[in-house]
4 protein chains.
Amino acid sequence: MILRMPKVSEEHRARRRDQILTAAMRCAAREGFHKTTMSAVIRESGLSAGAVYLYFSSKQELIRAVAGTAVGAVAGTLGALTEPENVVPPEQALLATTSRILEVGRAHDVEIIRVALQAWAEAARDPAVLALLHEEIAGIRAAWTDYAVAAIAAGHLAADADPVAVARTLMSMLPGFMLLRLVDPSTDPEQYAAGLAALRRPASPR
Amino acid sequence: MILRMPKVSEEHRARRRDQILTAAMRCAAREGFHKTTMSAVIRESGLSAGAVYLYFSSKQELIRAVAGTAVGAVAGTLGALTEPENVVPPEQALLATTSRILEVGRAHDVEIIRVALQAWAEAARDPAVLALLHEEIAGIRAAWTDYAVAAIAAGHLAADADPVAVARTLMSMLPGFMLLRLVDPSTDPEQYAAGLAALRRPASPR
Amino acid sequence: MILRMPKVSEEHRARRRDQILTAAMRCAAREGFHKTTMSAVIRESGLSAGAVYLYFSSKQELIRAVAGTAVGAVAGTLGALTEPENVVPPEQALLATTSRILEVGRAHDVEIIRVALQAWAEAARDPAVLALLHEEIAGIRAAWTDYAVAAIAAGHLAADADPVAVARTLMSMLPGFMLLRLVDPSTDPEQYAAGLAALRRPASPR
Amino acid sequence: MILRMPKVSEEHRARRRDQILTAAMRCAAREGFHKTTMSAVIRESGLSAGAVYLYFSSKQELIRAVAGTAVGAVAGTLGALTEPENVVPPEQALLATTSRILEVGRAHDVEIIRVALQAWAEAARDPAVLALLHEEIAGIRAAWTDYAVAAIAAGHLAADADPVAVARTLMSMLPGFMLLRLVDPSTDPEQYAAGLAALRRPASPR
DNA sequence: TATGAATGAGATTTCATTCAT
DNA sequence: AATGAATGAAATCTCATTCAT
């Protein structure tokens, strides 16, 4: 029996995979996961049907990969909130985060926010996507919890605040921001953060 | 000219439409809009194919109706935030709202939250659904703006707070809550509201 | 057992039948027999589905009736070619006939020529329509044979001409005329007859 | 840039197309265009549904191709009427033509005449088929006009005959011949030509 | 590895016809 | 006689996937 060296480099494989993934994202941003046909992905990728199936064994697997990429890309940008030397108050952290979400969307030339929306919907029917979303959310929550601890320490929040609860509430504003952007593209991180600031500003005693 | 009575009552027609809509929602909650087949809806509704198409001229039209119903049902419950005689602070308003969302889900025996998620995704591809979502969100925003004005008057918020910004930020927490519920069904209105309370509690001077 | 008198007059029945037939012809002229839906006929007739089926027991029966009407209307106009006291030469007979075909088309406000075309096609698949067409053609042929006999007698044709052959050939020009009209509505009876005249004019000896 | 050889030969594609076209013609000859189901064509062709739609993007497109083939096949045989060295009189030209139409029908083992009838009916509802018929008829007319010019020169027709009018009238006898054949398969080119001969034979002076 | 023609189950939709009223 | 809502078989077409090359 002959042991074959891989015919093409690992790097080549990775490039191909990415090519397909990018094509699929573009399609999903336009038509959603289930109105996107493999045919469309194949055309957009510039590869052949056979080639695509060499890298993803089924449409559902490709959907999972796309969902993972989109959710991960959003999540990935939210990891570095705590720079301990310079902890900002919550409204500034929120501003930084929403701004970064928009940047990610611009960086990939596909509207990643739209794909993330598709991924949430898909999580409601595919347990694998749900698990994946769960994990990403856990990561985001952990980052925000770290931030909350630091913010409490820095005196931006009450000393008795529960960092986990604060983290959950803060991070839960991001989907809303994304949805508002979809519905009204003029929605803007500054205004958005201003709302939180207003909520936190104490009422002057009457 | 002869005025003819309708052969079947308007009420009959409405009941039929509802029957189909309910069946479609149940299916959409399970499989999403585009993995739900008309066959499944027809089976679930107990009607014939022809009958379904008598009330909805295409699958896409049915999807729009379902999306509208789900988004509307959620929005509908959020209208009565301001009972002027007794304006509660934001964290309690949030608690009331998230609780009501869960109630709506229980009331309809379909998981309306899942369908709402599908509707958001659909808004990204069907302009008609986007328009519909836009309108519902405008309604919710208006209700929260009324609330914000009252809350400012009641001294729950700073006098110089912008009610519109507050409204947008507060209401934007609802999609996040729904998404968190999907990922982790133990997510709970109380804990959730506690996070906002903690965010709003002033840090004691050091 | 009770013997019932007919509830409505025979005349009423005939009017209803005609109403349906006319509606069906209009539809057939537009879309052909098999792309016309019963729904369209029902709408066009202003009656209800049930009513239509009271007069024609199936779509195929209605098609046969329409085919019969159209073919019959064309044939009916070609019966009076021989007015023995004044027998015209063939090119004038042809002119009279093609002109009359156009008149029939104008008289019914449906383009009866188009329906006749549908009927020919239908004859290729429905033996009942074939039989009907056969009969009408036999009638037309008989009329033309009478004409040929008279034309021979009147010296418009050679004394040894076979009236049956002449009749067949002359009458066979009518479908061609109708088809040419369909393709080129400027086709005109005068020009058309002129072609036959030219064919019949003897070449001068060289 | 890489020039790729086609995976399958052009010839292969053409053979497949023909396979489908032939199957469709057989079906159309039996049932007409609109009572022929795609299922029937698929079965008759021996291919799969997908394969058929790879070559014809819709039923209507297939119908157009079939109509074009049938009309074209009939028209194609009528091109070589003028052999200048030996121009025959009109009745012989007609005999040659009608005989050739029957040959075409026998050559294809489908009854092409029936399909041509379907095509005429279709021309009444599909402008694309009308255009196609228009073009074929123009071709036939041109051939007959060439013939008429030659026949006039050869002294078979009067010197002042209008070749265009003669051509139109002569060629218009073909649809009639075809329709008569449908209704009465014993209709025969010889008898048919005899009718024209009789029409052209001058009446002896009385 | 890569191709892309071919597959065929299954999706959506239509429409001739019926029948309770 | 007349209505028109309802039926459900059947039509057209799609599309995820395979496999010979």
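The values are calculated or read from the model by the stated rules, or taken from the named source; none is laboratory data. Fair warning: this is a prediction, and the values are worked out from it, not measured in the lab. Positions of Cβ are backbone-derived with ideal geometry, glycine not excepted, and every protein chain shown enters the neighbour counts.
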Exercise for review: Could you check, for segment B:172-195, whether at least one of its residues is touching an Asp or Glu at 6+ places or on another chain (Cβ under 6 Å) and of a type in the set (A, V, I, L, M, F, W, C)?
Suggested key: yes
Practice item. Please state which of the following conditions A:Glu91 fails to meet, knowing it meets all the rest: (1) assigned to a loop (DSSP other than H, G, I, E, B); (2) away from DNA strand F (no atom under 16 Å from the Cβ). Key: (1)
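Here's a check for you: in segment C:27-41, which residue that is crowded, with 20+ Cβ neighbours inside 10 Å and on the phi < 0 side of the Ramachandran plot is nearest to DNA strand F (Cβ to nearest atom)? Break it down stepwise before answering.
Here is the first cut: in segment C:27-41, the residues crowded, with 20+ Cβ neighbours inside 10 Å are C:27-29, C:32-34, C:36, C:41.
Still in the running and on the phi < 0 side of the Ramachandran plot: C:27-29, C:33-34, C:36, C:41.
Values: C:Cys27: 17, C:Ala28: 19, C:Ala29: 22, C:Phe33: 15, C:His34: 10, C:Thr36: 15, C:Val41: 13 Å.
That would be C:His34.
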Point to revise | Residues within segment D:15-42 that are within 13 Å of DNA strand E (Cβ to nearest atom) and not in a helix (DSSP H, G or I), tallied | key: 3
Point to revise | Search result, residues across segment A:180-199 that are among the charged types (D, E, K, R) and crowded, with 20+ Cβ neighbours inside 10 Å | key: A:Arg181
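Rundown of residues vs (1) aliphatic (A, V, I, L, M); (2) away from every other protein chain (no Cβ under 12 Å); (3) out of contact with any strand residue (DSSP E or B) (no Cβ under 8 Å at 6 or more places or on another chain); (4) touching a residue at least 12 places away in the same chain (Cβ under 8 Å), yes/no style:
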| site | (1), (2), (3), (4) |
| --- | --- |
| B:Thr36 | no, no, yes, yes |
| B:Ser39 | no, yes, yes, no |
| B:Gly46 | no, yes, yes, yes |
| B:Ala73 | yes, yes, yes, yes |
Check your understanding: If you take just the helices (runs of 4 or more DSSP H) that sit entirely in segment B:97-206, which of them hold at least 2 residues that are over 29 Å from A:Val88 (Cα atoms) and facing chain A (nearest Cβ under 9 Å)?
Key -> B:112-123, B:127-153
**Study point:** Residues within segment C:43-67 that are over 23 Å from C:Ile113 (Cβ atoms), assigned to a helix (DSSP H, G or I), within 7 Å of DNA strand E (Cβ to nearest atom) and not aromatic (Phe, Trp, Tyr), tallied
**Key:** 2
Review point. On the given criteria, is B:Leu94 surrounded by 19 or more Cβ atoms within 10 Å (Cβ to Cβ), within 27 Å of A:Cys27 (Cα to Cα) and touching a residue at least 60 places away in the same chain (Cβ under 8 Å)?
Key: no
**Study point:** Index of the failed condition, C:Tyr55 passing every other in (1) crowded, with 17+ Cβ neighbours inside 10 Å; (2) of a type in the set (Ser, Thr, Tyr); (3) at pLDDT below 95
**Key:** (3)
